[in-house]
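Everything on this sheet refers to the single structure shown next.
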Amino acid sequence: TNRERHTMLDSLPPEVVVSVFLHLSATEVARVAAVCRGLRAATDSGILWAELYRREFGEECPTRGPDRTICRRLFVDRKKTCKFVEEQLNKMAWPTLRSESLDALCAASYGPKTNTTQAAWSYQHLVGVCVSEDPLKIGNKYFGTIALRHVHQNRNADLMRKALLRKGRTDEEGSGTSGEARTTTLHRARVAFLEEGACRIGSMIEEDDAPDYDITDAYDRMAAEVTRRLALDPDVRAAESRAGSDSEVDYRPALRQLNDFLFGPPTDEEELERRLLDPRELPSTGGLGISGNREDYYSENNSSMRHVLKSRKGIPISLAVLQCCVGTRCGIPIDMVGIPCHFMTRCGRDDSPYECYSNNFDG
């Protein structure tokens, strides 16, 4: 009878019961659990579902401590999330439903109303679909690539909107102060937002959430090298000493040193190529040789700061962003200046006798 079978199953050690059910797939275990209450209780093991979770998704069940009874619920929730992603990708085959499906995938992957864990599951499954080698899912792989690009672009656009809102609040807070301190604070805040926006635009192009190195760290290391060179430059020290009795600071010697480092010719081309492959290293002499990309001016890669640093080629606005981000870290106030059909940078205020402009693309 069923009762006798339940008694026999209950008499077995828990680890034996788990090892028996581990020969089944998660779907088969769920079917066994639906037979009766006794089998449901036998299959309701945290250890069993933790192992099924690891087997199905290739990672450990995200639980803490010895209590693993929630593994079954996590398994079911993640399977539902994956099923939802698959359903939306299937709907994308219909042109009239594609826009709706893309919006649904964006909301599931990063939407503010989506649980953080479920959003991560949705995004991971979408990435997994894009790298799948299953020939029977070539259609989902195609639409998954489109959806993943859409998710990246919309998520970064949303982050940029939030950065602009923070910038507006920062401008309002800075309006309560006055003098040089207010100017310096607002300038640094704006450069920080500029840097974040440039990174987001680069992420839209690269579609890569795991960069081979941190662009912010690259700026920091460049600024450290420029600061070291500034301390050794007698013209910079003379300008700083003159600023002691003058409210205006002549940043031109420091700007010249910065431009020589970023855009000047390298001392050893082969050594520079080797060092640029390892972002932790920078040359102690000569420049990086970064210049305007005249051969492929309209390539979208020119708007990716990581690509600009790797190829040492860029367009006027990306070269201006690079100079502004590194210069601000060195204490050199650099502003972006948009002019018709071009982009330049300015150092110094409008009424300053030391005001100067840089045309980085043309050298």
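The values are calculated or read from the model by the stated rules, or taken from the named source; none is laboratory data. Predicted model only: the values in this text are computed from it and were never measured. Cβ sites come from the backbone with ideal geometry, for glycine too, and all protein chains shown count toward neighbours. In case anyone asks, the SASA skips ligands and DNA or RNA and just uses the protein heavy atoms, side chains included. Shrake-Rupley method; radii C 1.70, N 1.55, O 1.52, S 1.80 Å.
Of note, GLU59 satisfies the criterion of being open to solvent by 60 Å² or more (accessible area, probe 1.4 Å) and either outside any helix (DSSP H, G or I) or in contact with a strand residue (DSSP E or B) (Cβ under 6 Å, 6 or more places away or on another chain) (or both).
Give the number of residues within the stretch 124-157 that are in a helix (DSSP H, G or I) and open to solvent by 40 Å² or more (accessible area, probe 1.4 Å). Can you show your working first?
To start, the set of residues in the stretch 124-157 that are in a helix (DSSP H, G or I) comprises 124-130, 135-157.
Restricting the remaining residues to those that are open to solvent by 40 Å² or more (accessible area, probe 1.4 Å) gives 124-125, 127, 135-138, 141-142, 145-146, 149-150, 153-155.
Count: 16.
So, ASP214, is that one within 12 Å of the chain's Cα centre (by Cα), exposed (fewer than 14 other Cβ atoms within 10 Å of the Cβ) and at pLDDT 65 or above or not? Taking the combined requirement at face value, the residue satisfies it.
Before we move on, is THR43 buried (at least 17 other Cβ atoms within 10 Å of the Cβ) and on the phi < 0 side of the Ramachandran plot? First the steps, then the outcome.
Working: buried (at least 17 other Cβ atoms within 10 Å of the Cβ): yes; on the phi < 0 side of the Ramachandran plot: yes.
Judged against the criteria, THR43 is a match.
Kindly check whether there is at least one residue in the stretch 328-342 that is open to solvent by 60 Å² or more (accessible area, probe 1.4 Å), of a type in the set (D, E, K, R) and out of contact with any Cys (no Cβ under 7 Å at 6 or more places or on another chain). Among the residues of the stretch 328-342, at least one is open to solvent by 60 Å² or more (accessible area, probe 1.4 Å), of a type in the set (D, E, K, R) and out of contact with any Cys (no Cβ under 7 Å at 6 or more places or on another chain), which makes the answer yes. Taken over the stretch 70-103, the criterion of being open to solvent by less than 30 Å² (accessible area, probe 1.4 Å), part of a helix (DSSP H, G or I) and touching a Phe, Trp or Tyr at 6+ places or on another chain (Cβ under 8 Å) is satisfied by CYS71, LEU74, PHE75, ARG78, THR81, CYS82, LEU89.
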